[in-house]
1. What is the mean number of Cβ atoms from other protein chains located within 10 Å of the Cβ atom of each residue in peptide A:176-187, rounded to a whole number?
2. Using 0.36 nm per residue of separation minus the Cα-Cα distance, give me the extension gain between A:Leu99 and A:Met38 in nm, one decimal.
3. When all protein chains stay in place, what accessible area (Å², nearest 10, 1.4 Å probe) is found for A:Ser37?
4. Any chance you could check the range B:52-69 for residues losing 30 Å² or more of accessible area when the partner protein chains are in, compared with the chain on its own (1.4 Å probe)?
5. How much accessible area per residue does the protein assembly as shown have, counting only protein heavy atoms and a probe of 1.4 Å, in square angstrom?
6. Can you tell me what share of the DSSP beta bridges in the range B:82-279 is antiparallel? A percent to the nearest 5 is fine.
7. May I ask for the distance between the Cα centers of the range B:291-320 and the range B:171-212, given as a whole number of Å?
8. Just to confirm my numbers, what's the Cα centroid distance between the range B:330-374 and the range B:238-256 in Å?
Protein chains: 2
Amino acid sequence: MKIRQRAISLDLNSFFSAFFDKEVQKYMEYIRPCIASMKGYVPGLQPDPNQKYIKLNSNENPFPPSPRVKEVLRELKYEDLRIYPDPISLELREKLGSLYGFSPNQIICGNGSDDILNIIIRTFAQPGEAVGFFEPTFPLYRVLGVIHGVRIISLPVDEPYDQPPLPPDDVKIFFLANPNSPVGFAYSTSRIAEMAREIKAVFVVDEAYAEFARENALALVRQLANVIIVRTVSKSYSLAGLRLGYAIGNEKLIAEMLKVKDPFNVTLLTQSLVAAALEDQEYLRNNVSRIIDTREWFSKEAAALGYRIIPSEANFVFPQPPQKGRGIGFYKTLFNRKILTRHYDEEGLRDGVRMTIGTRQEMATVLKVMKEILPQFSNK
Amino acid sequence: MKIRQRAISLDLNSFFSAFFDKEVQKYMEYIRPCIASMKGYVPGLQPDPNQKYIKLNSNENPFPPSPRVKEVLRELKYEDLRIYPDPISLELREKLGSLYGFSPNQIICGNGSDDILNIIIRTFAQPGEAVGFFEPTFPLYRVLGVIHGVRIISLPVDEPYDQPPLPPDDVKIFFLANPNSPVGFAYSTSRIAEMAREIKAVFVVDEAYAEFARENALALVRQLANVIIVRTVSKSYSLAGLRLGYAIGNEKLIAEMLKVKDPFNVTLLTQSLVAAALEDQEYLRNNVSRIIDTREWFSKEAAALGYRIIPSEANFVFPQPPQKGRGIGFYKTLFNRKILTRHYDEEGLRDGVRMTIGTRQEMATVLKVMKEILPQFSNK
């Protein structure tokens, strides 16, 4: 009896499994194979706000936005929400243009710089053509490339980070995150100019963290037709919640990108509130210099404890405990101590974690914890 | 002397023209040919708010959003803007789910329904495969198809509108705007079910105007694995400025779409404010029924004047003056009288204009003007 029952249950299993496969197959035939086999971009964990974590996993700014944002938020007329936003975000582009000395025609706004990167890939790379980048880098370039059906040419970079390989020459777009994420190092503008001159491709410098760096590549837009600079207000302006990214480049390229973007890609509230934030450059400068000061102080202290920290030009650092390959353990131990960082299970990134620079007080707490847990990750 | 000068200037012309061509060529090699030759989606004119137009060109709702949106807007903490929004808009999906009786896993939110349509095309159609729709329809399907590099199979529909052709059977996605835009007619749910059953493709019912219609196809999601319903809060909830669209479909298809969307595609403010609006269903019902009443009254009055109006189930109508092919003249004459409508220079649409239903008072003014100008567009 027992044996028979088992036989039946096996049959049922295989029946259900065949049925399930068929069901799955039915759905799968609707889905592009490259999407079905793709993992998708994994954003940093957004913890329950009632749980008291020190949240250093998404490179958010620890300080509030400019008080002008508060004023404009209070003055907004809710009745206006019934109307579509300006499809071309003209006021914002004019403000950004006068801030940096460009015409609004050289600027496009997007729903975060993710939207801008998405628009870039769809404007300049034909499905089947190639796009390139160095790795480690911002993981979204690869995801967007897979979705768009382009070939991906990824070149590994390793230390010393100031000697990058030659960019590949058969790509349509090359993405350079500078300062790099998630490691934080930055190439000099003169090195970037050399790369951009050599390559026969649209050369995208993703400057999401530029406000925290010594240099930026904006001036190259005036010299080279193929350079596009991508920026965001998420980090430096403390406005990640609003979703506003922008690109600055040759106006002929920007004009084509404007055709590719979704018709109304930036909300009415985002346009108004970011405009207010852009007017308060003094607040931005103070905010950014506090973060840079904390970064430099934290880096020095962590190094004194025995952690390795590659000099960062962003609003985060990439601390590595003395023992190699212990990034995941380091991440988990910090997590258990209510410090949220980010670990990447990828080549070249397994030795450490990416850690946003929070307030001085938060980073003092982090240092205290890092001192306490250090023996678990020491070579001795 | 004169002749010589002319010769020189001709030479200079051709020199500059060659130079210009070379310059243009330099940029063009960066741009995908399908983008360079594309016109892009043209949004309705957003007039200077100081100019007193009756704005009936973008299907915006003439009434403000629910007062609850105002309350939540006042309570928002500007400090929270420093944090990224929930990447998967979970609260909104839960609210929409309990409103319509679906699991949050069957729902995806986007930056307007434009974003949702963009995600659909990139999830289900491989570049080189085909997508289909009837025309006239929402022009964005074609634009998104060109950008994604798919073949487009467009079938013309004409009167009588209740007898559509068979959808093509070699497409990966079929888009049906129901109620139709820009004409306003609607197919019955039973007819839609027939089409969706016949076709071996993802069948998208774009219900941007469903709240103004007698029927909707939401129930089909429970019966057919290939049906995806697309909705927006732009029109019915008076929230075009916030950009929130959503799709409801089989959770296996929605899961793949979630991988394709930009990581943080809906702003923090949009998530909070739309959640508030969704809670006020009574306001929605009253708002929508006022617009339907005005639409029915206006349609009857315009018909009594001598205009032709195809019965509409949306928040707009498509009035046609007695003389055929006079849509553009009708548009211009209304424009000169400070009434903004939309004209489409396309097959099947040249006889009239698309006109949003405004307030009763606005539509009374429009009727008055339509009566005065009628002799210009009469056959007599």
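1. Values: counts 0, 0, 0, 0, 0, 0, 0, 0, 0, 0, 0, 0.
Shielding by partners across A:176-187 averages 0.
2. Working: separation 61, 0.36 × 61 = 21.96 nm, distance 3.98 nm.
So the chain would gain 18.0 nm between A:Leu99 and A:Met38.
3. 100 Å²
4. Residues passing the criterion (a loss of at least 30 Å², heavy atoms only) are B:Glu60, B:Pro64, B:Pro65.
5. Numbers: 32130 Å² over 760 residues.
The answer is 42 Å² per residue.
6. Values: 9 of 27 bridges.
Restricted to the range B:82-279, the bridges split so that about 35 percent are antiparallel.
7. About 22 Å separates the Cα centre of the range B:291-320 from the one of the range B:171-212.
8. Cα centroid to Cα centroid, the span is 32 Å.
The values are calculated or read from the model by the stated rules, or taken from the named source; none is laboratory data. This is a predicted model, so every value here is computed, not measured. As a convention, Cβ positions derive from the backbone with ideal geometry for all residues, glycine included, and neighbour counts pool all protein chains shown. Quick note on the areas: whole protein, heavy atoms, side chains included, nothing else; ligands and nucleic acids left out. Shrake-Rupley method; radii C 1.70, N 1.55, O 1.52, S 1.80 Å.
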